[in-house]
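Worksheet for the structure shown next.
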Amino acid sequence: MLITSCKKDHMAPPAVTPVPIGTLGLYELDSSVYKRAFIAISKVGTVSVTYYSVFDTGSAGMTIDATGILPPAMITNSGITVAGDSVNVNGITVTSQTAIIAYGDAQSEIQEYGNLAYATVELGDQNGELTTSRIPIFLYYKIVDTQTGQKQPPHSNDVFGVGPGVSFANSAIGSPLSYFKSSTGAISGFKLAVFNNADFSVNGNYVSGLLTIGLVPADLGSAAGFVMHPLTLFSQGGYSPDIPSTISYNGKNFAATVLFDTGTPAISTIENSNASSNISELPDNTPVTLTTNNGFTYTYTTSSSNNLTQVAKPSYTGDPRTIFSIDFFTENEFLIDYKDHQIGLKNN
């Protein structure tokens, strides 16, 4: 008897070409010299909503008012009612962990009071949507302007913080975009296209394709043109978005730590401990040059309508960082690689 065996070839599966997880548009809104970029939120847990959160590269974590999301009986003047360690309602797990999240500096600060929660979140609207996995968010019940002591209206300070670290208020809260998982080989991160000044409008103008969620190797290669900046890990706040740089203006040249912040709507602030006054505005037609320690260079000129810039002493603002406002993003591309903890900057 002859026995023949059939040997199967062991063939490697076809390589997967990495592709982004998806793209979303943002809403560009202006009011005089103030500009904002908003991302639409259409569902939190099982609750369908229509809210617009400030797209903020200067903070980490999504914060949203509990009004319209939790039952009104759960929201009191003194906090969100949670029996025990947590409660599940409307597809949201609200924990008993409370915190205060602050935005701004010593001269202008908004504080949000609320609780750590977990929920799936639907980003976008009828123009295109993506749904997160179950992620940590911050549900707040009260917003206070610390300068006036006045409470602010519900949902007036919803923030979609996409920075690379974690919230100083609770280290469980990080960028919603960092929790996306990809089966297509995409790298955890996002890429932000240039905002066009002409697209900003008083009523808010939807601009498609501004936000790409998930990076591909080509985004991080030298041919893409981004100058990459490795980030520093700190025990509080995690990986910092602040980048060592040099600032030049009016013949002055000094070292600075720089934050590129879509959440700052109008005025860039150069922190200079040797400034002649606590705070002053640079005159129109003043050239300012930024050079990062990794070689990215950007020069702009101040004017009455764009690139407004002030110089302040850190002892006055309580913040040593130089913060470039949303105007920076009208001339430069930006990306964050959450996997390898780096920020990419590119002149448009």
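The values are calculated or read from the model by the stated rules, or taken from the named source; none is laboratory data. Here the structure is a predicted model, which is why all the values come from computation and not from measurement. Glycine also receives a Cβ, built like all others from the backbone with ideal geometry; neighbour counts cover every protein chain displayed. Calculation scope for accessible area: heavy atoms of the full protein, side chains included, ligands and nucleic acids excluded. Shrake-Rupley method; radii C 1.70, N 1.55, O 1.52, S 1.80 Å.
Among the residues making up region 55-69, those that are in a strand (DSSP E or B) and more than 11 Å from the chain's Cα centre (by Cα) are THR63, ILE64, ASP65, THR67. Among the residues of region 165-212, those that are in a loop (DSSP other than H, G, I, E, B) and under 21 Å from ALA224 (Cα atoms) comprise THR184, GLY185, ALA186, ALA193, VAL194, PHE195, ASN196.
Mind checking which residues of region 79-133 are assigned to a loop (DSSP other than H, G, I, E, B), acidic (Asp, Glu) and in contact with a Leu (Cβ under 9 Å, 6 or more places away or on another chain)? I'd like the intermediate steps shown before the answer.
Let us first name the residues in region 79-133 that are assigned to a loop (DSSP other than H, G, I, E, B), namely 81-85, 90-91, 106-107, 120, 126-127, 132-133.
Now narrow it down to the ones that are acidic (Asp, Glu): 85.
Answer for region 79-133, where residues must be assigned to a loop (DSSP other than H, G, I, E, B), acidic (Asp, Glu) and in contact with a Leu (Cβ under 9 Å, 6 or more places away or on another chain): there is none.
Restrict the check to region 259-271 and report whether at least one residue is of a type outside the set (Asp, Glu), more than 29 Å from SER175 (Cα to Cα) and either surrounded by 16 or more Cβ atoms within 10 Å (Cβ to Cβ) or at pLDDT 95 or above (or both).
Initial filter on region 259-271 (of a type outside the set (Asp, Glu)): 259-260, 262-270.
Then drop every residue that is not more than 29 Å from SER175 (Cα to Cα), which leaves none.
No.
If the condition is being touching a Gly at 6+ places or on another chain (Cβ under 6 Å) and modelled with pLDDT of 95 or more, then region 100-121 contributes only ALA119. I'd like to know if region 118-126 contains one or more residues that are within 20 Å of the chain's Cα centre (by Cα), of a type outside the set (Asp, Glu) and open to solvent by 20 Å² or more (accessible area, probe 1.4 Å). For region 118-126, residues within 20 Å of the chain's Cα centre (by Cα), of a type outside the set (Asp, Glu) and open to solvent by 20 Å² or more (accessible area, probe 1.4 Å): present. Among residues of region 163-190 that are within 20 Å of LYS346 (Cβ to Cβ), those with a beta-carbon under 7 Å from a residue that is open to solvent by 30 Å² or more (accessible area, probe 1.4 Å) and not in a loop (DSSP other than H, G, I, E, B) at least six positions away or on a different chain give the pairs PRO164/TYR239; SER188/SER178.
With respect to THR269, is the statement that it is part of a strand (DSSP E or B) and touching a Pro at 6+ places or on another chain (Cβ under 9 Å) true? Judged against the criteria, THR269 is not a match.
Can you tell me how many residues in region 206-226 are hydrophobic (A, V, I, L, M, F, W, C), over 10 Å from LEU24 (Cα atoms) and open to solvent by less than 40 Å² (accessible area, probe 1.4 Å)?
So the answer is 4.
Residues are listed down the side, and each one gets a yes or a no for (1) at pLDDT 95 or above; (2) closer than 20 Å to ALA106 by Cβ; (3) over 22 Å from the mean Cα position of the chain (by Cα):
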| residue | (1), (2), (3) |
| --- | --- |
| SER276 | no, yes, yes |
| ILE279 | yes, yes, yes |
| VAL288 | yes, no, yes |
| LYS313 | yes, yes, yes |
| ASP319 | no, yes, no |
| SER325 | yes, yes, no |
| GLU331 | yes, no, no |
| ILE343 | yes, no, no |
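So which residues in region 15-69 are hydrophobic (A, V, I, L, M, F, W, C), open to solvent by less than 10 Å² (accessible area, probe 1.4 Å) and farther than 27 Å from LEU345 by Cβ, if there are any at all? Within region 15-69, ILE41, VAL44, ILE64, ALA66, ILE69 qualify.
Within region 228-238, is there a residue that is in contact with a Leu (Cβ under 7 Å, 6 or more places away or on another chain), in contact (Cβ under 8 Å) with a residue 24 or more places away in the chain and open to solvent by 50 Å² or more (accessible area, probe 1.4 Å)? Checked region 228-238: no residue is in contact with a Leu (Cβ under 7 Å, 6 or more places away or on another chain), in contact (Cβ under 8 Å) with a residue 24 or more places away in the chain and open to solvent by 50 Å² or more (accessible area, probe 1.4 Å).
Do you know which of the residues in region 101-111 that are of a type in the set (A, V, I, L, M, F, W, C) and under 18 Å from the mean Cα position of the chain (by Cα) is least open to solvent (accessible area, probe 1.4 Å)?
The initial filter retains those residues of region 101-111 that are of a type in the set (A, V, I, L, M, F, W, C), namely 101-102, 106, 110.
Now restrict to residues that are under 18 Å from the mean Cα position of the chain (by Cα): 101-102, 110.
Values: ILE101: 17, ALA102: 54, ILE110: 39 Å².
Filtering first and then ranking leaves ILE101.
Taking the criterion of being surrounded by 13 or more Cβ atoms within 10 Å (Cβ to Cβ) and of a type in the set (S, T, N, Q), the residues of region 71-100 that qualify are THR81, SER86, ASN90, THR93, THR95, SER96, GLN97, THR98.
The condition (being in contact (Cβ under 8 Å) with a residue 40 or more places away in the chain, more than 30 Å from VAL19 (Cβ to Cβ) and in contact with a Lys or Arg (Cβ under 9 Å, 6 or more places away or on another chain)) is satisfied by just one residue among SER248, SER305, SER325: SER325. Note on region 296-327: residues that are open to solvent by 50 Å² or more (accessible area, probe 1.4 Å) and under 21 Å from GLY344 (Cα atoms) total 3.
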